[in-house]
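Peer 1: Here's a structure for you.
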Amino acid sequence: MPYPLWSKNTRVFIDTSSLMEDASGTFMWRLAATLREKSIPPLIVAKSVVDELNRLEADEDECTSCKARNAKSVVSGLLNEEDAQVVGDKDDGSFADNLFQTVFTRFRLKYRLILITQDRGLAKDILSLNGSASVDGICGIDAFRLRDSGTPMGWKLNPGHPSGVAYRETRQRATQLDETPVAITSIPGPGDVVKDEKGSSLHLGDRLGSGGEGTVYETDNGLVCKVYQPQRFKGFTIDKIKLMTSRRVRHQAICWPVSLAYNSRGEAVGYLMPRGQGKELQRTVFIPPLLQKTFPHWTRRHLVKLTSTILNAVASLHSLNVLLGDINARNILVQDESTVFFVDCDSYQVEGFPCPVGMPPYLAPELYGKELRSTLRTLEHEQFAIATLVFMLLHPGKPPYSHQGGGDPSENVRKRHFPYQRGSQGAHGAPAGAWRFIFSNLPWRMKDAFHKVFSDDKRLSIVHWQDLMRRYEDSLGKGDISDELFPKGFKQIDQTQAQQQGVAWRMCEVCGQGFAAYEAHFTKCYTCKEKRHAERTHHSWRRPD
């Protein structure tokens, strides 16, 4: 929100409708940080809003219930950090709208009041309180709503608008990055001493890895130290890491920077972070033979659990207004299905500091050709990346747009050709073998979600994916769906299920039994297809007489 709105006399309220938005977590944590910075009391959540969320969580509509759970999670997180306060009691009335009008009328002479709401009618009623002709000394009332990106739009009265109210957008801008290389006269290495921001000394030990930006060393106090190469350590890097170390990131999976690191001359050379354990996602789970070698006992249930574990870690970052931006499977370490570590977090997008890099297949199609160093990612961009990551976890290492006859990964993403079967809509170029079998055996809701993102360009919230993974895990536990890591055939369903899912039901031309024809050219049931395939394989390997 614009700076002139803020004063120590400001009080900010949040309506149920805005809390139910997918972007509420991103916005609320950013808002909470601003309130702390300006020494303004915490965000105010009315007791009636909490009651509404409890009612909505029990709603029969899955989408409404899911959004309410997400909203309650956001509120709970803010309350735990003392960045929000619940006010009011059971006598405030059943509906939050009535409460807001009562409170804003009562306190408009004492406080500068702000309401966050998606409700046009409520915004109009609240803003109209600014113009009471019989009342002098009103401190000012404003109303805002959330954009899908998590940025605010200011409602304003507009008599010419059909609803009497319109809104103005307020966009967050990328920080102007200082690209000047930091002067470093001495680069520390193994055996050297670095100091943290409190002046404590740490000895660098063995080198754990190196990349284009720098080298990571273990230290003698359990942390690891990333030392940048001189030309890769820029002025904005120091500012960004200082901002990151000011954040309270407590999730055990996130190896978040805890301090800048200084050489013996007091020059900043890198940063310190917790040490992650495990093997790179890229070099284990995303390579099927290595997946089976590294985790030989894993079934599909382990893969689903791993996906949920990763999603939970990402959700914790989103709740702090942090976007990964560039997802790099080499920077996610897997110890087991319940334990992962996110390392090399300094590339994440934090506040106005953009994520400067991005690679297919995670980069959203609309970002191709843009200068990422000056482009702030939105929640929609992140949602595309998350959907891609989920797909590649459930189809170990296979990108969603990879298809037969396709081009390079970036070309496939730009074309947006998702090749997998959807009901009666046949597959077009889906990779043969295991990949089609995996997709066929997914729960119907999961397949539909992938099509919404990759075919219809409808981005889904991380809460939606978390809910789908819980349902998937439940189905696996009940035995309702195949637990094979790599299924050896298409999912077998009956005629009723085929009709519900929009899949054609045909009679096999060989045995006469009914079967679900996942692809338009299928004329044989899967038992007969497998039998025919086995016969061909046998004859092709038989030695000639």
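Peer 1: Checking the conditions here, which among E21, E82 is part of a loop (DSSP other than H, G, I, E, B) and open to solvent by 70 Å² or more (accessible area, probe 1.4 Å)?
Peer 2: Details: E21 fails: open to solvent by 70 Å² or more (accessible area, probe 1.4 Å).
Matching residue, one of E21, E82: E82.
Peer 1: Test V343 against the criterion of being in contact with a strand residue (DSSP E or B) (Cβ under 7 Å, 6 or more places away or on another chain) and either touching a residue at least 24 places away in the same chain (Cβ under 8 Å) or surrounded by fewer than 22 Cβ atoms within 10 Å (Cβ to Cβ) (or both), and give yes or no. Give the steps one after another, and end with the answer.
Peer 2: Working: in contact with a strand residue (DSSP E or B) (Cβ under 7 Å, 6 or more places away or on another chain): yes; either touching a residue at least 24 places away in the same chain (Cβ under 8 Å) or surrounded by fewer than 22 Cβ atoms within 10 Å (Cβ to Cβ) (or both): yes.
Yes.
Peer 1: The conditions are (1) crowded, with 18+ Cβ neighbours inside 10 Å; (2) under 28 Å from D192 (Cα atoms), and G235 fails exactly one of them. Which is it?
Peer 2: (1)
Peer 1: When only residues in segment 273-286 that are assigned to a strand (DSSP E or B) and in contact with a helix residue (DSSP H, G or I) (Cβ under 9 Å, 6 or more places away or on another chain) count, which is most open to solvent (accessible area, probe 1.4 Å)?
Peer 2: Within segment 273-286, the subset assigned to a strand (DSSP E or B) is 273-274, 279-280.
Among the residues that remain, those that are also in contact with a helix residue (DSSP H, G or I) (Cβ under 9 Å, 6 or more places away or on another chain) are: 273, 279-280.
On the way: M273: 9, K279: 114, E280: 51 Å².
For segment 273-286, the residue satisfying everything is K279.
Peer 1: List pairs: first residue in segment 114-132 and under 18 Å from T10 (Cβ atoms) and of a type in the set (K, R), second residue modelled with pLDDT under 90 and open to solvent by less than 30 Å² (accessible area, probe 1.4 Å) anywhere in the structure, Cβ distance under 6 angstrom, at least six positions apart or on different chains.
Peer 2: Filtered contacts from segment 114-132: no entries.
Peer 1: Among the helices (runs of 4 or more DSSP H) confined wholly to segment 440-545, which include 2 or more residues that are at pLDDT below 85 and under 26 Å from T299 (Cα atoms)?
Peer 2: Numbers: elements: 444-454, 462-478, 495-501, 526-541.
Fully inside segment 440-545 and qualifying: 495-501, 526-541.
Peer 1: Quick check: anything in segment 224-231 over 11 Å from V269 (Cα atoms) and either of a type in the set (A, V, I, L, M, F, W, C) or in contact with a Leu (Cβ under 9 Å, 6 or more places away or on another chain) (or both)?
Peer 2: yes
Peer 1: Next question. Looking at segment 194-207 only, could you name the residues that are open to solvent by less than 80 Å² (accessible area, probe 1.4 Å) and more than 19 Å from G266 (Cα to Cα)? Before you say what the answer is, go through the steps one by one.
Peer 2: Taking segment 194-207 as the starting set, the residues that turn out to be open to solvent by less than 80 Å² (accessible area, probe 1.4 Å) are 194, 196, 199-202, 204-205.
If the condition is that a residue be open to solvent by less than 80 Å² (accessible area, probe 1.4 Å) and more than 19 Å from G266 (Cα to Cα), then G205 is the only one that fits.
Peer 1: Within segment 415-428, does at least one residue satisfy the condition of being over 22 Å from S308 (Cα atoms), more than 19 Å from the chain's Cα centre (by Cα), of a type in the set (S, T, Y) and assigned to a helix (DSSP H, G or I)? Break it down into steps so the answer makes sense when it comes.
Peer 2: Keep residues of segment 415-428 that are over 22 Å from S308 (Cα atoms), which gives 415-428.
Narrowing the set further to residues that are more than 19 Å from the chain's Cα centre (by Cα) leaves 415-428.
Still in the list and also of a type in the set (S, T, Y): 420, 424.
Narrowing further to those that are assigned to a helix (DSSP H, G or I): none.
No, segment 415-428 has no match at all.
Peer 1: If you don't mind, there's one more thing I want to ask. Among (1) at pLDDT 90 or above; (2) touching an Asp or Glu at 6+ places or on another chain (Cβ under 6 Å); (3) not acidic (D, E), where does L115 come up short?
Peer 2: Unmet condition: (2).
Peer 1: I'd like the full set of residues that are closer than 19 Å to K226 by Cβ and out of contact with any Leu (no Cβ under 9 Å at 6 or more places or on another chain), limited to segment 329-352.
Peer 2: Of everything in segment 329-352, those that are closer than 19 Å to K226 by Cβ and out of contact with any Leu (no Cβ under 9 Å at 6 or more places or on another chain) turn out to be D344, D346.
Peer 1: Let me ask something additional. Within the bounds of segment 482-493, is there any residue that is basic (K, R), closer than 28 Å to C66 by Cβ and surrounded by fewer than 14 Cβ atoms within 10 Å (Cβ to Cβ)? Please lay out each step first, then the result.
Peer 2: Residues of segment 482-493 that are basic (K, R), as a first pass: 488, 491.
After this cut, where a residue has to be closer than 28 Å to C66 by Cβ as well, the list is 491.
Next cut, surrounded by fewer than 14 Cβ atoms within 10 Å (Cβ to Cβ) only: none.
No.
Peer 1: Here is a follow-up. Say we look at segment 34-63 and pick out the residues that are within 14 Å of K8 (Cα to Cα) and out of contact with any Ser or Thr (no Cβ under 9 Å at 6 or more places or on another chain); which of these is surrounded by the most Cβ atoms within 10 Å (Cβ to Cβ)? So that I can check it myself, show each step before the final result.
Peer 2: So in segment 34-63, the residues within 14 Å of K8 (Cα to Cα) come out as 34-43.
Now narrow it down to the ones that are out of contact with any Ser or Thr (no Cβ under 9 Å at 6 or more places or on another chain): 34, 36-37, 39, 42-43.
Details: T34: 15, R36: 13, E37: 9, S39: 9, P42: 17, L43: 21.
If we take residues in segment 34-63 being within 14 Å of K8 (Cα to Cα) and out of contact with any Ser or Thr (no Cβ under 9 Å at 6 or more places or on another chain), then L43 is surrounded by the most Cβ atoms within 10 Å (Cβ to Cβ).
Peer 1: Further question: Output the number of residues of segment 359-396 satisfying the condition of being part of a loop (DSSP other than H, G, I, E, B) and within 26 Å of F486 (Cα to Cα).
Peer 2: So in segment 359-396, the residues part of a loop (DSSP other than H, G, I, E, B) come out as 359-364, 368-371, 375-378, 395-396.
Then drop every residue that is not within 26 Å of F486 (Cα to Cα), which leaves 360-362, 395-396.
Residues meeting the conditions: 5.
Peer 1: Is it the case that some residue within segment 294-303 is outside any helix (DSSP H, G or I), in contact with a strand residue (DSSP E or B) (Cβ under 9 Å, 6 or more places away or on another chain), farther than 24 Å from Q383 by Cα and open to solvent by less than 30 Å² (accessible area, probe 1.4 Å)? Talk me through it step by step, then tell me what you get.
Peer 2: Going through segment 294-303, the residues outside any helix (DSSP H, G or I) turn out to be 295-299.
Subset that is in contact with a strand residue (DSSP E or B) (Cβ under 9 Å, 6 or more places away or on another chain): 295.
Filter once more, so that each one left must be farther than 24 Å from Q383 by Cα: 295.
Checking which are open to solvent by less than 30 Å² (accessible area, probe 1.4 Å) leaves us with 295.
Within segment 294-303, one or more residues are outside any helix (DSSP H, G or I), in contact with a strand residue (DSSP E or B) (Cβ under 9 Å, 6 or more places away or on another chain), farther than 24 Å from Q383 by Cα and open to solvent by less than 30 Å² (accessible area, probe 1.4 Å).
Peer 1: While we're here: Kindly state which strands (runs of 3 or more DSSP E) lie completely within segment 182-267 and contain at least 1 residues that are of a type in the set (S, T, Y) and touching a residue at least 12 places away in the same chain (Cβ under 8 Å). If you could, list the steps in order and put the result at the bottom.
Peer 2: Details: elements: 193-195, 201-210, 214-219, 223-228, 259-262.
The strands (runs of 3 or more DSSP E) meeting that bar are 214-219, 223-228, 259-262.
The values are calculated or read from the model by the stated rules, or taken from the named source; none is laboratory data. All values derive from a computational prediction rather than experimental measurement. Counting neighbours? That spans all protein chains shown, and the Cβs are built from the backbone with ideal geometry, glycine included. SASA here: full protein model, heavy atoms, side chains in, ligands and nucleic acids out. Shrake-Rupley method; radii C 1.70, N 1.55, O 1.52, S 1.80 Å.
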